[in-house]
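Colleague: The structure under discussion is supplied below as structure tokens; questions concerning it will follow.
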Amino acid sequence: MKLLMVGAGLSGAVIGRMLAKAGHTVTVVDTRDHVAGNCHTERDAETGVNLHVYGPHIFHTDDEEVWNYVNDFMTFLPFKNRVKTTSQGQVFSLPINLHTINQYYGKTMRPEEARAFIEQIADRSIEDPQTFEEQALRFVGPDLYEAFFKGYTIKQWGCSPTELPASILKRLPVRFNYDDNYFFHKFQGMPENGYTEMVAKILDHENITVHLNTSFSREQAADFDHVFYSGPLDGYFGYDLGRLGYRTLDFEKFTAEGDYQGTAVMNYGDVDVPYTRITEHKHFSPWESHENTVCYKEFSRACEPEDIPYYPIRMVDEKKMLADYVALAEKTESVTFVGRLGTYRYLDMDVTIREALDTGRAFLEHAAAGTSMPAFVKSPL
């Protein structure tokens, strides 16, 4: 068949590769001048540092098939994400762990003592937390909430934590040991030469043609047997029902000599600091050596029509609009909506790849059976 991938990010690349290997003819289009979407990396001309152009992307997964898949195209080297936060005039480790608790309260508690202490200061009157704030107060109490969650969340989401659902803070990351590895996953690492080279290798197949700086219009779908669309779900329908809400990021890039902050990620929990964090990109490739350094200050704000959408808001209004768009999509023939934008869900890279693999296999099964491919392999609702 003639297949079209709209978007040359992880979704389009992984699905396209699988279907090209199965003998289909695959065309990939992307409006940008590079592949790899928001995980695009490139060398800084001044310093040689490999930059995560749209913000840091750290690969972590428990999915062994996904881990083996990415390593087939690029060697992933060990990387542990050890996040620090500057709050109330001190630097602490995140997620909240035994060192954070002892440092904040000036104590020397052992794990069980700390566990009992936190339970004592938590607001146990909140039995069923409904909001982000209630969730935090129930599990860590007012002090740690103010220091590590409140200001950061206001800056990240542009609203009070009392307006956000408790689900955003699904499992409050509190550890009663000294483990400061941000992620729990079995496999963690970074691609040796960056994500863009990895995605370019995934797309390097004789049955795949890539067109960059190329926009997609719905009329083009008629030229293909099936379309896999990883652009904004509402954008496919011309925003006819309104625009789904997103947060976007602005980056203020600066260079310095030597080592600027000593860590890859430094959060800023105080609400009067306008940025949410500073990322120092040479620390994302600790196997490399660079005399100078490149940092990004990150500022979060509401996404406007010309901005790059990063984080789907998924509040009550968006969920109603999303349901209406999903209903439209399910009536659309020969198009499958994939990825973070196509399904209006925040997805880590490993989940994106897992769903792309599942989507490619589902298409091959439907093609073999002569049945129709659904609009969504994973429902956005």
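The values are calculated or read from the model by the stated rules, or taken from the named source; none is laboratory data. Just so it is clear, the structure is predicted and the values come from calculations on it, not from any experiment. Reconstructed Cβ throughout: ideal geometry from the backbone, glycine too, with neighbour counts over all protein chains shown.
Colleague: Say whether the condition of being over 30 Å from Asn50 (Cβ atoms) and assigned to a loop (DSSP other than H, G, I, E, B) is met by at least one residue in region 277-296.
Modeller: No, because not a single residue in region 277-296 is over 30 Å from Asn50 (Cβ atoms) and assigned to a loop (DSSP other than H, G, I, E, B).
Colleague: If you don't mind, another one. Confirm whether Arg345 is free of Cβ contacts under 8 Å to residues at least 60 places away in the same chain, charged (D, E, K, R) and out of contact with any Ser or Thr (no Cβ under 7 Å at 6 or more places or on another chain).
Modeller: yes
Colleague: Give me the residue from region 327-362 that is assigned to a helix (DSSP H, G or I) and over 25 Å from the mean Cα position of the chain (by Cα) and, out of that set, surrounded by the most Cβ atoms within 10 Å (Cβ to Cβ).
Modeller: Across region 327-362, the extreme among qualifying residues is Leu328.
Colleague: Next question, about the same structure. Please specify each residue of region 146-162 satisfying the condition of being in a helix (DSSP H, G or I) and touching a residue at least 40 places away in the same chain (Cβ under 8 Å).
Modeller: Ala147, Phe148, Phe149, Lys150, Gly151, Tyr152, Ile154, Lys155, Gln156, Trp157
Colleague: Then there is this: Within region 117-131, can one find any residue that is of a type in the set (Phe, Trp, Tyr), outside any loop (DSSP other than H, G, I, E, B) and under 30 Å from Glu318 (Cβ atoms)?
Modeller: no
Colleague: Among the residues of region 89-99, count how many are in contact with a Leu (Cβ under 7 Å, 6 or more places away or on another chain) and in a helix (DSSP H, G or I).
Modeller: 0
Colleague: In the set Lys107, Lys155, which member is of a type in the set (Lys, Arg) and either in contact with a strand residue (DSSP E or B) (Cβ under 8 Å, 6 or more places away or on another chain) or under 28 Å from Asp317 (Cβ atoms) (or both)?
Modeller: Lys155
Colleague: Let me ask something additional. Being surrounded by fewer than 17 Cβ atoms within 10 Å (Cβ to Cβ) and either at pLDDT below 95 or over 24 Å from Met266 (Cβ atoms) (or both) is the filter here; which residues of region 91-116 pass it?
Modeller: Of everything in region 91-116, those that are surrounded by fewer than 17 Cβ atoms within 10 Å (Cβ to Cβ) and either at pLDDT below 95 or over 24 Å from Met266 (Cβ atoms) (or both) turn out to be Lys107, Thr108, Met109, Arg110, Pro111, Glu112, Glu113, Arg115, Ala116.
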